[in-house]
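The values are calculated or read from the model by the stated rules, or taken from the named source; none is laboratory data. Every value quoted in this text rests on a predicted model; they were computed, and no experiment measured them. In this analysis, Cβ positions are derived from the backbone assuming ideal geometry, glycine residues included, and neighbour counts consider all displayed protein chains.
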Amino acid sequence: MLRIRLREWLYILLLAFLLGFSISGFVASLHGQNLMPMAFLGLLTSSYIFILSLITTEINNRWIVKKMPEFLRTPFSLLLALLSGFFGAIGGYLTNEVFRIVDLHLPMSKALSLSFFLGIMTASLGYLLYKLVSLQRREEENKRLLLEEHIRNLESQISPHFMFNTLNALAELVYQDPRKAEEAILALASLLRKSLYFEPLITLQEEINLLKDYWKVISLRFVGKIELETELDESLLSLKVPKFSLQVLVENALKHGLKLRRGKVQIRAYREGGRAIIEVIDNGVGFEEIREGTGLSNLRKRLELCNGKLSYKSSEGLTVFRIELDER
């Protein structure tokens with residue numbers, strides 16, 4: 001079900017008026033009619049069609065479509081749009097017959113044919129507008145999900161628990177290895193600075209850079225040595241990916257696969273079957289099935305909105321999270 005907002009209905013009304021005026025102007029020029037009465041009739045007919053479309057659409061969305069099987073919803077909505085155009089055109093014809101706005105000399109049979117044509121045109125325009133509004137809704141949903149993920153990551157990075165552990169590790173490192181402590185502090189500052197800027201999509205190269213800052217900070221908490229390896233097709237570095245997508249998968253590998261102990265995390269990016277593939281691989285304990293938390297669930301939804309998908313497989317000593325994306 002797709003609800004149409006008031007502002008969008010106003011745009012549709014403006015479009016209906018423009019089409020009505022254009023069609024009536026064209027007909028007036030063909031038949032040598034006076035433009036103003038013909039334009040008035042066109043605007044009146046457009047108003048009838050708009051009002052019927054608004055009423056049928058709202059009734060359909062509020063009460064009918066909810067009880068209908070999904071495969072029937074689009075055909076039924078198109079039928080309602082066709083009927084709105086048909087009866088709206090008939091309304092314009094009958095109004096002209098009563099008030100003689102324009103002297104058309106149009107028989108009822110031809111009026112029915114023209115009304116049916118206007119019904120088909122209304123259904124076609126309605127379907128096109130439906131697609132455009134759907135795309136807008138998907139974009140809005142994408143931004144909303146990305147904003148939620150951005151906030152979630154920001155909260156996890158500046159939460160008292162995260163900051164307490166990181167600052168404690170830094171305090172110890174200042175005496176043990178001042179150079180490494182300085183690098184970690186700079187990485188933490190860079191990570192927090194980049195997290196403050198909301199960007200729905202960033203390049204794979206930017207995501208890798210963001211991940212490296214995260215890695216420098218989180219590695220202070222590793223119990224054993226954990227290696228991070230990257231094997232990237234350089235031609236994919238400009239590919240747009242959801243921000244924090246790799247961080248979510250790497251964080252999952254560290255906490256649940258390797259449990260912050262010894263092991264290896266590998267990131268691969270390559271092409272396969274005309275699609276871009278990004279994999280995050282760890283050699284941890286593996287799992288039989290995974291319960292998706294907020295991070296994985298949110299990432300899956302964001303990828304779907306970008307025409308991508310997330311999959312994973314796991315066995316003892318090997319877990320692979322796989323992102324597939326269109327390069328467009």
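Summary of values
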read-out: Residue that is farthest from the chain's Cα centre (by Cα) [pool: residues in segment 269-291 that are of a type outside the set (A, V, I, L, M) and under 26 Å from Glu327 (Cα atoms)]; value: Asp282
read-out: Some residue of segment 122-138 being over 30 Å from Ser47 (Cα atoms) and surrounded by fewer than 13 Cβ atoms within 10 Å (Cβ to Cβ); value: no
read-out: The listed residue being in a helix (DSSP H, G or I), touching a residue at least 12 places away in the same chain (Cβ under 8 Å) and surrounded by fewer than 19 Cβ atoms within 10 Å (Cβ to Cβ), out of Phe50, Phe26, Phe76; value: Phe76
read-out: Some residue of segment 60-67 being under 21 Å from Phe17 (Cα atoms) and either surrounded by 15 or more Cβ atoms within 10 Å (Cβ to Cβ) or touching a residue at least 12 places away in the same chain (Cβ under 8 Å) (or both); value: no
read-out: Failed condition for Phe198, given (1) in a helix (DSSP H, G or I); (2) modelled with pLDDT under 90; (3) of a type in the set (A, V, I, L, M, F, W, C); value: (1)
read-out: Selection status of Ser84, at negative phi, loosely packed, with under 13 Cβ neighbours inside 10 Å, assigned to a helix (DSSP H, G or I) and small (Gly, Ala, Ser); value: no
read-out: Failed item in (1) basic (Lys, Arg); (2) surrounded by 14 or more Cβ atoms within 10 Å (Cβ to Cβ); (3) touching a residue at least 40 places away in the same chain (Cβ under 8 Å), with Lys180 passing the rest; value: (3)
read-out: Output for segment 227-268, where each listed residue is modelled with pLDDT of 90 or more, more than 12 Å from Glu327 (Cα to Cα) and in a strand (DSSP E or B); value: Glu227, Leu228, Glu229, Thr230, Glu231, Leu232, Gly263, Lys264, Val265, Gln266, Ile267, Arg268
read-out: Condition met for Arg300 (closer than 27 Å to Tyr197 by Cβ, among the basic types (Lys, Arg), within 26 Å of the chain's Cα centre (by Cα) and surrounded by 14 or more Cβ atoms within 10 Å (Cβ to Cβ)); value: yes
